[in-house]
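The values are calculated or read from the model by the stated rules, or taken from the named source; none is laboratory data. Quick caveat, the model's predicted, so the values are computed rather than measured. With ideal geometry, Cβ positions are generated from the backbone for all residues, glycine too; neighbour counts draw on all protein chains shown.
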Amino acid sequence: MLNQDNLGTQVLFNSKRSMAVDELVGIIRHSRTPTLVVEGRDDAFIYRSVVDSMADNGVNILVAGGRLNLLAIYEKLREFVDVPVAFAADREMWVFADAPADENMWEFPEVPEEYADLVLSHGYSVENDLWAGNEEYFYRRRPRPDWLGPPYWLESDDYERYRRMIDSLIRWFAFEVEEFLAGRPVRMVSLREIIAPDTVDLEPEFLERRRFRQPNPELIQVIRDDYSLKLPGRLLFSVLIRCLNDRRWGPRYNHLHLYDFLLGWRYGRRNPLMRRLREEIEQKFNMSNNPFDNVN
């Protein structure tokens, strides 16, 4: 399914059926328009704003249908000779590569050399890059100027609830990070499964199913110190949406509403992390040939 906005950006969703990697490779190979490959639909929504007006004839955004598909396409990059293509992926657990290592507790993996040409989010995900530095817009510390627009902001009681849910998520995610470092499966789930509606604490049944144990306090602090970048961004937005939608007044919101707000001219254009993504994608598109051409 192909969508096109009035600025020429085309978004190809891998939706009606799951296209094989070779089919997706064929789409890129036969395109002469710059193509940005992203993981999922929400990524396409965010990156469309990043790449709009980047090229004279627009940019194709190809939704790979998941991280594994994107990496499989990327590994076939040799086939895209003279095709302007870039791959934008979430950093995920690689976001901890800059955390202080402790040989007695943990050692976080760095980005593998074979993936060095990916355009990676600075935070855990592109949602984190969109969120980071903008949290101040979501709660009132002073009277809200009229020009701020829709009531996306939390009052003091709402903000206290928001902070308590964030603290619960940090504790859960530290456990999942330890599972990752131990080579065990990590389970990324929705906010509703981790924290039930009308509560701020981790759901006991969920913890029992996960065989949860208290994570290392130092790892909890590593995440807490930089949670806007290290706690999965979609969950950050989910907490905010729950707090906003539980109010007795005002409209109801979803993730795309808040993404659109932060991508707007007042906030999006002065977000240094989003500017960085745009600059890196432009560099990939401006390359005269495939960056792997000279690899032996």
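Observations on the structure shown:
- Residue under evaluation residue 185, criteria (1) at pLDDT 90 or above; (2) surrounded by 12 or more Cβ atoms within 10 Å (Cβ to Cβ); (3) not acidic (Asp, Glu), criterion not met: (2)
- Among the residues making up region 187-233, those that are in contact (Cβ under 8 Å) with a residue 60 or more places away in the chain and within 19 Å of the chain's Cα centre (by Cα) are 227, 228, 229, 230, 231, 232, 233.
- Look at region 234-249: where a residue is free of Cβ contacts under 8 Å to residues at least 12 places away in the same chain and a partner is surrounded by fewer than 20 Cβ atoms within 10 Å (Cβ to Cβ) and among the aromatic types (Phe, Trp, Tyr), sitting 6+ places away or on another chain with Cβ atoms under 8 Å, you get 245/253.
- For region 188-196, the criterion of a residue being farther than 25 Å from residue 247 by Cα, of a type in the set (Asp, Glu) and assigned to a helix (DSSP H, G or I) is satisfied by no position.
- Residues satisfying the stated conditions in region 275-290, i.e. of a type in the set (A, V, I, L, M) and modelled with pLDDT under 90: 287
- Yes/no for residue 142 being at pLDDT 90 or above, of a type in the set (Lys, Arg) and over 24 Å from residue 69 (Cβ atoms): no
- Residue ID - modelled with the highest pLDDT, chosen from residues in region 87-118 that are outside any loop (DSSP other than H, G, I, E, B) and not hydrophobic (A, V, I, L, M, F, W, C): 92
- So residue 224, is it loosely packed, with under 12 Cβ neighbours inside 10 Å, within 24 Å of residue 93 (Cα to Cα) and not polar (S, T, N, Q): no
- Boolean, residue 238 is buried (at least 18 other Cβ atoms within 10 Å of the Cβ), polar (S, T, N, Q) and in the same structural domain as residue 154 (by TED's automatic domain parsing): yes
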